Amino acid sequence: VVASRNAATAEAKGKYLSIMDTDDVARPDKLSKQVDFLEKNQDFALVGSWARIIDERGRDTGKYWKLKSKPEKIKAELIFRNYFVHSAILVHREIALKFPYENGLEIGEDYKFIWDVSRESKLANINEVLISYRLHDANITRKKELHRKCLVDMYQRMFDEIGLEADTEELELHLDLRGSLEDIRRYPPKAIAAWLNRIREVNDRSGLVDSTALDSVIRSRWMKVCTAHWKDPLSIIRESFKILNHG
C-alpha cells in the first residue's frame with residue numbers, strides 16, 4: 001500500500017489528490033465541495049469530512065464518524081489519534097509530494113501522513129457526511145498484533161520528531177489511551193497523569209499545537225481515565241489536581 005500510494009502521487013498531474021480505498025463510497029458532490037473549500041481557504045492543505053459506516057454489503061449500520069473539532073484543535077487531537085477518515089481526504093498534490101507515506105508502517109501509514117502534513121499546514125474536516133466507509137472483518141481484525149506494533153512504531157516516530165522521549169511502556173500507554181476502559185485500567189492513574197503532563201511540557205517548549213486546544217483534548221482523555229478507575233477515587237482526585245492545574 002505504501003509503495004503504491006507513493007507511486008500514484010508521483011505520477012499524478014492534478015492540483016489536488018483525492019485518496020480513496022476501493023471498498024468505500026463517495027457522495028457525488030464530495031470532490032466539488034472539498035475543492036471549493038480549499039480554493040476558498042488557501043492556507044489549508046488538506047480537508048476531510050464526516051463518514052457514514054456501512055457493512056460488507058453496503059448496508060447502513062446507523063453509525064457515523066462525526067469529526068467536529070475545529071482546525072486549531074485538530075492538531076492537538078492528532079497527538080492521540082487520527083482525526084481523519086483517509087478515504088475522505090483531499091490534499092494539495094505538492095504537499096503530498098513533500099510527505100510521502102513511510103515504509104515500515106503497513107498499518108498507520110495514513111495517520112503518519114496526516115501528522116506530517118499537519119506540522120506544516122492547516123487541516124479541516126467539512127462537517128458533513130461525504131463518504132461511506134465500509135467496515136468489515138478485513139479491517140477490524142487485520143492482524144491485531146501487527147496493527148499494534150505498527151501504531152507503537154508510528155508513535156515512536158512522531159514523538160522522536162517533536163523531542164518527546166518515550167520508552168516502550170509509555171508508548172504502549174499512549175496507544176491504550178485510545179482503547180477501551182479495560183485497556184486504560186492496565187495503568188495506574190499516576191502514570192497516566194505523569195505522561196499527559198509530559199506531553200504538555202514538550203508542547204510548552206515547542207509550541208507544536210495551541211496550548212488551550214491541547215488542554216481540552218487532555219481533559220477529555222482524563223475523563224475517560226476517571227471512568228476507568230472509578231473504583232479508586234482517591235487516586236483519581238489526587239491526580240486530577242495535577243491534570244487540571246498543569247502538574
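The values are calculated or read from the model by the stated rules, or taken from the named source; none is laboratory data. Treat the numbers as computed from the prediction; the structure is a model and nothing was measured. Here the Cβ is made from the backbone with ideal geometry for all residues, glycine too, and neighbour counts use every protein chain on show.
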For this session: State whether one or more residues within region 223-240 are in a helix (DSSP H, G or I), acidic (Asp, Glu), within 19 Å of Trp115 (Cβ to Cβ) and in contact with a helix residue (DSSP H, G or I) (Cβ under 9 Å, 6 or more places away or on another chain).
Result: no
Seminar exercise, completed: Restricted to region 103-126 and to residues being more than 24 Å from Lys15 (Cβ to Cβ) and surrounded by fewer than 21 Cβ atoms within 10 Å (Cβ to Cβ), the residue modelled with the highest pLDDT is Asn103
Exercise. On the given criteria, is Ser220 surrounded by fewer than 17 Cβ atoms within 10 Å (Cβ to Cβ), under 18 Å from the mean Cα position of the chain (by Cα) and at pLDDT below 95?
Worked result: yes
Problem set entry | Extreme residue, nearest to Leu173 (Cα to Cα), among residues of region 219-239 that are touching a residue at least 40 places away in the same chain (Cβ under 8 Å) and not basic (Lys, Arg) | Val225
Exercise. Of all strands (runs of 3 or more DSSP E) completely enclosed by region 1-101, which ones contain at least 1 residues that are hydroxyl-bearing (Ser, Thr, Tyr)?
Worked result: 16-18, 44-54, 60-65
Seminar exercise, completed: Checked region 72-102 for anything without any contact (Cβ under 8 Å) to a residue 40 or more places away in the chain and within 8 Å of the chain's Cα centre (by Cα); matches are Asn82
